[in-house]
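Note sheet for the following structure.
The values are calculated or read from the model by the stated rules, or taken from the named source; none is laboratory data. This structure is a prediction, so every number in the text was calculated from the model and none was measured. As a convention, Cβ positions derive from the backbone with ideal geometry for all residues, glycine included, and neighbour counts pool all protein chains shown. Accessible surface is based on the protein model in full, side chains and every heavy atom, while ligands, DNA and RNA are left aside. Shrake-Rupley method; radii C 1.70, N 1.55, O 1.52, S 1.80 Å.
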Amino acid sequence: MHNRVVVTGAAGFIGSNLCEGLLERNYLVRGIDNLSMGNLDNLEDCTNSERFEFVEEDVRNNEKMNELCADSDVIVHLAAYKIPRYGNATDTLLINHQGTKNILDAARQGSKKVVLASTSDVYGKNPKLPFSEDSDLVIGPSTVSRWSYAVSKIYDEHLALAYQDTYNIPVSLIRFFGGYGPHQHLTWWGGPQSVFIGAALRGKPMEIHGDGSQTRSFTYISDHVEGIIRIIESERANGEIFNIGSTHEITILDLAKTINRLIHGNSDPLIQFVPYKSFTGKPYEDVMRRIPDISKAQRLLGYSWKVQLEDGLKRTIAWQRLVEDRKHE
Ligand SMILES: NC(=O)c1ccc[n+]([C@@H]2O[C@H](COP(=O)([O-])OP(=O)(O)OC[C@H]3O[C@@H](n4cnc5c(N)ncnc54)[C@H](O)[C@@H]3O)[C@@H](O)[C@H]2O)c1
C-alpha cells in the first residue's frame, strides 16, 4: 500500500482533483506547484485536511524535488506546460524535460514509483483509430511549434522507461484524453469546453479554431482521477503505458452546440470560426480525430469511464457559473 503521495502540478486542473480524490481515500498528500498556471482556490477543499500539505515550488529545482519527494512512496508528476497555442515553445520544451528529469532523479533515491502524465497528443496525426498504446506516434514538422508539446512528452516517456531499466524504479505512463470539469483553466489552456462555456454564459460568440469538424473524446475529471488512482495502486501498472479517457467521439462544432443548448435551450448558438493562421501567425496543424482504445486499462486495471458528456457538462457549467459569479461579486 502506498500511503504518501507527492503530486506535482497540484494546483492545476487534474492535480487539484486528484489531491481531493487521494484525501478521500485517506492518503497523505504533498502537493507541489509553482502557481504559474494553477490556482490556490482549486485546493481550498484540500487545505482543510491535516493529511494535506501544499508547497509552492518549481519542479525545475532539483535539490528541492529531492527533499520534497524523500519521504514519499509514489510521485504523480503532472506539472507541465501544454501546447504553445499563443506562446512560444521554449517553456513547454524546457519545463517538461527538466521537471521530469528532476522527478525521476528524486524517485531514484529510494526506488519510488513514478506516475507520469503524458498526453493523447503524442499520437499526433496517426490516421488509424482508435489509438492503442502501441500505435505509431505520427508527429508533424518541427517548424509547427504545436508539436513541441507532443515531442516533450514523448521524450519524457522514453526517459521514464529508460530510468526504469537503468535504475530499477517502477514507472507508469498515462496518456490522458481531453479532460474537463471543475477547476479547469478558464482560457484555451483548459481546452475548448471551458472557453465555450465561458462565452455562452456571457452571451458572446464561441470561437472555433478551424471549421469545427475536428473530433475529441472529452473525459470528465472523475474518470481521469479514477484512472490515476488505479494506476497508483496496481503493481500490474508498473512499466506500462495507459490510455485514460472516454471513447465518446464528438466534433468541436457539436460540442459548442451541446454547450449552447445546455445553457440557452434551443436558441441558435453564436459561433465564430477562427482560421488557424489568424491566432498563431505561423503554420498550425490540428489533430482531426482522436479516440482512445482503452481495452488495456480495462484488462489490467478494471478501468472504464463512467460520466456521460451531457451529465459532465452540466456539472462543469454549474461550477463555471459559480466561479464567474464570484468574480463579479
Ligand atoms: N487536462 C487534460 O485533459 C490533459 C490531457 C493530456 C495531458 N494532460 C497532462 O496532465 C498534466 C496536468 O494537466 P492539467 O490539465 O491539470 O494542467 P494544468 O495547467 O491545469 O496544471 C498543471 C500545473 O502545473 C503547474 N506547473 C507548471 N509548470 C510548473 C513548474 N515548473 N513547477 C511547478 N509547477 C508547475 C501549473 O502551475 C499548473 O498548476 C499535464 O502534464 C498535462 O500535460 C492533461
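Per 0.36 nm of contour for each residue apart, how much would the distance between N168 and Q298 grow if the chain were fully extended, relative to their Cα-Cα spacing?
My answer for the length gained is 44.2 nm.
Find the relative contact order for the stretch 85-243 and round it to a whole percent, using C-alpha pairs within less than 8 Å whose residues are 6+ positions apart.
RCO, the stretch 85-243: 27 percent.
Using just the helices of the chain, give the 222 nm mean residue ellipticity in deg cm²/dmol: DSSP H runs with n ≥ 4 each add -39,500 (n - 2.57), and the total is spread over all residues, rounded to 500.
Computed mean residue ellipticity for the chain: -12500 deg cm²/dmol.
So what is the diffusion coefficient of the stretch 54-105 in µm² per second by Stokes-Einstein at 4 °C and 1.567 mPa s, using a Kirkwood Rh over Cα pairs?
Here the translational diffusion coefficient equals 110 µm²/s.
Once label points are set 7 Å from the Cα along Cα→Cβ at both K314 and S49, what is their separation, rounded to one decimal in nm?
2.7
To the nearest 20 debye, what is the magnitude of the charge dipole of the stretch 1-108 about its Cα centre, counting +1 on the Cβ of each Lys and Arg and -1 on the Cβ of each Asp and Glu? Could the numbers behind the result be given before it?
Numbers: 10 positive and 17 negative charges, 101 e Å.
In total the dipole reaches around 480 debye.
Considering only DSSP states other than H, G, I, E and B, which GluC sites (Glu not before Pro) in the stretch 18-47 qualify as loop sites with at most 11 other Cβ atoms within 10 Å?
Working: sites: E20, E24, E44; in loops: E44.
Passing sites in the stretch 18-47 are E44.
If you take the charge dipole of the chain about its Cα centre, with +1 on Lys and Arg Cβ and -1 on Asp and Glu Cβ, which of G312, H328, H77 is farthest toward its positive end?
Farthest along the dipole direction, towards plus: G312.
Counting only protein heavy atoms and a 1.4 Å probe, tell me what percentage of the stretch 81-161's accessible area is made up of carbon and sulfur.
The C+S portion of the solvent-accessible surface of the stretch 81-161 is 54 percent.
Would you mind checking the tilt of helix 90-108 against the longest principal axis of the Cα atoms of the chain, expressed as 0 to 90 degrees and rounded to 10?
30
What number, in percent, do you get for the relative contact order of the stretch 75-173 if the mean sequence gap of Cα pairs under 8 Å and at least 6 apart is divided by its residue count?
For the stretch 75-173, the relative contact order is 37 percent.
What nm value, rounded to one decimal, do you get for the distance between N3 and L35 when each label is placed 7 Å out toward the C-beta?
With each label placed 7 Å out from Cα toward Cβ, I get 3.1 nm.
Per residue, how much accessible surface does the chain expose to a 1.4 Å probe? Answer in Å², no decimals.
Per residue, the chain has 44 Å² of solvent-accessible surface.
Using DSSP, restrict attention to beta bridges with both residues in the chain and report what percent are antiparallel, rounded to the nearest 5.
Close to 5 percent.
Run the simple label-point estimate for Y86 and S267 please: 7 Å along Cα→C-beta, distance reported in nm.
If labels sit at Y86 and S267, their model points lie 2.6 nm apart.
From Cα pairs below 8 angstrom and at least 6 apart in sequence, can you work out the relative contact order of the chain, rounded to a whole percent?
Normalised by residue count, the contact order of the chain is 17 percent.
Restricting things to alpha carbons, tell me how big the stretch 173-260 is in terms of Rg and Dmax, in Å.
Computed over the Cα atoms of the stretch 173-260, radius of gyration and Dmax are 15.0, 49 Å.
Please report the Cα spread of the stretch 1-56 along all three principal axes, rounded to whole Å, starting with the longest.
Between the extreme Cα coordinates on each principal axis of the stretch 1-56 lie 32, 18, 17 Å.
Leaving out ligands, DNA and RNA, and with a 1.4 Å probe, what % of the accessible surface on the stretch 212-329 is carbon or sulfur?
Using a 1.4 Å probe with all protein chains present, the stretch 212-329 comes out at 50 percent carbon and sulfur.
Could you tell me which of Y220, I208, I174 has its Cα farthest along the dipole of the chain towards the positive end, charges placed at Cβ (Lys, Arg +1; Asp, Glu -1), taken about the Cα centre?
Looking along the dipole axis, the top candidate is I208.
Using only the alpha carbons of the chain, determine the length spanned along each of the three principal axes and report them from longest to shortest in whole angstroms.
58, 46, 38
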